[in-house]
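Notes for the one structure printed next.
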Amino acid sequence: MKKFIETLSNIWKIEELKGRIIVTLGLLLVYRFGAQVVLPGIDTQQLAELSSRTDGGGLLGILNAFTGGAFANASFFALGIMPYISASIVVQLMGLAIPYLQKLQKEGESGRKTLNQITRWLTIGICLVQAPAYLYSLGSLGVPDSAFLLGKGLDFMIPAVLILVTGTIFAMWLGEKITDKGIGNGISLLIMVGIIARMPQSFVQEFVSRTAGSNGGLMLILIELILWFVVILACIMLVMATRQIPVQYARRTASGGYEKNVFGSRQYIPLKLNASGVMPIIFAQAIMFAPAYIGRIGALKDTGVGEWLQTEFSNIFGLWYNIVFALLIIIFTYFYTAITVPTNKMADDLKRSGGFIPGIRPGKETSDYLDKIMSLITFPGSLFLALIAVLPAIVMKIMGIQQGWALFYGGTSLLILVGVAIDTMQQVNSYLLNRHYDGLMKTGKNRKVVA
């Protein structure tokens, strides 16, 4: 504990890092404050039914978790940062098919700025669709008409839509400022803070459920916490696991005040076990909204098939929901890995730099070899990712955990928490090491520098 305190002390000795942390905390506080400010024209006292529906888990619970409760509060940030993420995904996927976007991706900083601008405009377009849909759906989610003090006419809808769109754009701006002026990963930090904001309430509900009605008591709470930490460790292993591919360089030139030839230099290409991150879960979760919606429309609505689709795919803890969910995650893991890990480009870069994989010819053979390795390691990675995604349903069925608390045993929420926490620690770690301190994973003492 003493060494940990010394590490924290070293963090505050670095003025630049201290300033970035303060800026990050301040902007996150602004985001959390905005999540509590309700849209003008809505009676906050009549939102209890909406809150109860989102607190019980399910698809609405997931949406509410990603917005940090703003969805249930009908606040300025009710749409959260998700429209921006959706726009980013669309632009990334369109880059595979549209030559103009492919050209921008290769233009470096100027191309990146243009792509960011396209993403922002697409975010506004998505918000203009989602904002009216959200406002009109409040009635079906348990908000009575009397809660709309100005009614649902244009004099309410137009300002409310503009506020919701502005809220998302402002949240996007906060994320970009955290990335530029703070400790980085701004968008991810906004999502993480929203998820963490729901955690205390979910745990208190689970604690009361276990202790109030002789439903396992403190011992079962302790077992749940131990299991939760084990799942977190498993997620860390999934996020950080890599396969090291050895690369041999026949001849390289190194400079450090003088130039010299280095023969036989060996390095490694780290191929991640889960190169796609949480994107397969996000893709699969977006698709999982479709079956229940299809069951409510058209010829299926009044049939047994339509009723079955609505029943089975509206319950995120149901058997069929999780079977289809897991299969989609495995499929999307392969898909997203294929488009984000350019084995052809990696092989070309190796060939141009004079590197080669021992026993493998440069060029196409290297590309095929890397592609084969990625396929082999993606399979266990996709299975592990699918298991983590459906784990909340498993622990709820086996241990009887409350739905809200069960969501933190896996799925997108836990993987985002773990991934963002690791990235943030690495950012802080780099500042400490650059200032000759040991990193967060080691002691907090000053490192001796030998001149």
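Just so it is clear, none of the values below were taken in a lab; they were calculated from the coordinates. Values in this document were obtained by computation on a predicted structure and should not be read as measured data. FYI the Cβ positions are ideal-geometry reconstructions off the backbone, even for glycines, and counts take in every protein chain you see.
Structure values in brief
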read-out: In nm, spacing of pseudo-spin labels at Leu141 and Ile236 (7 Å Cα→C-beta vector); value: 3.5 nm
read-out: Full-extension gain in nm, Gln45 to Arg112, via 0.36 nm per residue minus C-alpha separation; value: 19.6 nm
read-out: Anchor Lys397: aspartates and glutamates whose Cα lies under 12 Å away (excluding residues fewer than 8 positions away in-chain); value: none
read-out: Dipole magnitude of the chain, debye to nearest 20 (Cβ charges: Lys/Arg +1, Asp/Glu -1, about Cα centre); value: 1940 debye
read-out: Net length gained if the chain between Asp348 and Leu149 were fully extended (0.36 nm per residue, minus Cα distance); value: 65.3 nm
read-out: Theoretical FRET efficiency, 1/(1+(r/R0)^6), r = Cβ-Cβ of Leu319 and Ile422, R0 30 Å, to 0.05; value: 0.40
read-out: Amide H within-cut-off set for Leu39, under 5 Å, with H built and near neighbours excluded; value: Ser75, Phe76
read-out: Difference of contour (0.36 nm per residue) and Cα-Cα distance, Ile22 to Ile398; value: 131.1 nm
read-out: Three-way shape call for the stretch 82-238 based on the alpha-carbon gyration tensor, with the a/c threshold at 1.5; value: oblate
read-out: DSSP H segments from the chain that extend 24 Å or more along their own axis, Cα-based, with Kyte-Doolittle mean of -0.5 or above; value: 15-34, 109-137, 154-181, 186-212, 217-240, 319-340, 364-399, 411-434
read-out: Whole-Å semi-axes of the chain's equivalent ellipsoid (Cα gyration tensor); value: 41, 27, 26
read-out: Fewest-first ranking of Arg198, Arg120, using other Cβ atoms within 10 Å as the exposure measure; value: Arg120, Arg198
read-out: Part-to-part distance (alpha-carbon centres) for the stretch 175-246 and the stretch 120-173, which is given in Å; value: 30 Å
read-out: Ser9-Ser430 FRET efficiency (beta carbon distance; Förster radius 25 Å; 0.05 resolution); value: 0.85
read-out: The chain: calculated mean residue ellipticity at 222 nm from DSSP helix runs of at least 4, using -39500 (n - 2.57); value: -22500 deg cm²/dmol
read-out: Förster radius 45 Å - calculated FRET efficiency between Ile169 and Leu220, Cβ distance, rounded to 0.05; value: 0.50
read-out: Amide H contacts of Arg243 (H built 1.01 Å from N, under 5 Å, at least 5 apart or other chain); value: Leu271, Lys272, Leu273
read-out: Convex hull (Cα only) mean projected area of the stretch 1-197, reported in nm² to one decimal; value: 14.4 nm²
read-out: Spin-label pair Ser52/Ile373, simplified geometry with 7 Å Cα→Cβ offset, distance in nm; value: 5.7 nm
read-out: Eligible aspartates and glutamates near Lys18 by straight Cα distance, threshold 20 Å, same-chain separation 8 or greater; value: Glu6, Glu176, Asp180, Asp423, Asp438
